[in-house]
Amino acid sequence: QVQLVESGGGLVQAGGSLRLSCTASRRTFNTAAMAWFRQAPGKEREFVAVTTWSGSSTYYADSMKGRFTLSGDNAKNTVYLQVNSLKPEDTAVYYCASSLTIEALRSGRGTYWGQGTQVTVSS
């Protein structure tokens with residue numbers, strides 16, 4: 001079993017920035033790809049971005065391009081999601097997930113999921 005632990009959420013004013021972290025307890029085949037999702041109150045979970053540990057492939061949801069940056073630190077088994085120019089509509093619980101493939105995560109099918117970290121953006 002693999003545990004994914006997110007951190008870095010909080011309350012921030014519109015226009016501010018946050019860096020979310022997701023640390024995997026260990027690396028397995030099912031942590032080859034790592035992704036972020038978010039779920040706003042009353043809405044369905046949506047895909048944000050996905051990458052591999054090699055960093056050779058990184059994809060963003062179209063609506064997330066520009067303000068969101070996904071990166072990783074192999075030595076720390078940690079992926080980061082940098083979010084700039086935060087807007088109130090970015091308020092959501094942000095989840096980290098992993099799977100064997102990027103394609104599975106882009107379809108919302110994660111093998112492992114974290115517990116989520118709350119991001120609240122005030123106007």
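Every read-out reported here was derived from the displayed coordinates using simple, explicitly stated rules and does not represent laboratory data. Here the structure is a predicted model, which is why all the values come from computation and not from measurement. Quick reminder, even Gly has a Cβ in these numbers, built from the backbone with ideal geometry, and neighbours come from all protein chains shown.
The mean sequence separation of alpha-carbon pairs under 8 Å and at least six residues apart, normalised by the residue count of the chain, gives a relative contact order of 37 percent.
Dipole check for segment 8-123: with +1 at the C-beta of Lys and Arg, -1 at the C-beta of Asp and Glu, and the Cα centre as origin, the magnitude is about 180 Debye.
Amide H contacts for residue 112 (H built 1.01 Å from N in the peptide plane; partners 5 or more residues away or on another chain; cut-off under 5 Å): 98.
Once backbone amide H atoms are built at 1.01 Å from N, residue 10 has 119, 120 as its partners under 5 Å, excluding neighbours fewer than 5 places away on the same chain.
Of the chymotrypsin sites (Phe, Trp or Tyr not before Pro) in segment 1-96, not one is in a loop by DSSP (not H, G, I, E or B) with at most 15 other beta carbons within 10 Å. State which stretch of the chain is the longest one without any exposed trypsin sites (Lys or Arg not before Pro), exposure meaning a DSSP loop state and at most 11 other Cβ atoms within 10 Å. With a cap of 11 other Cβ atoms within 10 Å, the longest stretch comes to 66-123. Restricting segment 27-123 to GluC sites (Glu not before Pro) that sit in a DSSP loop and have at most 10 other Cβ atoms within 10 Å of their own Cβ leaves 44.
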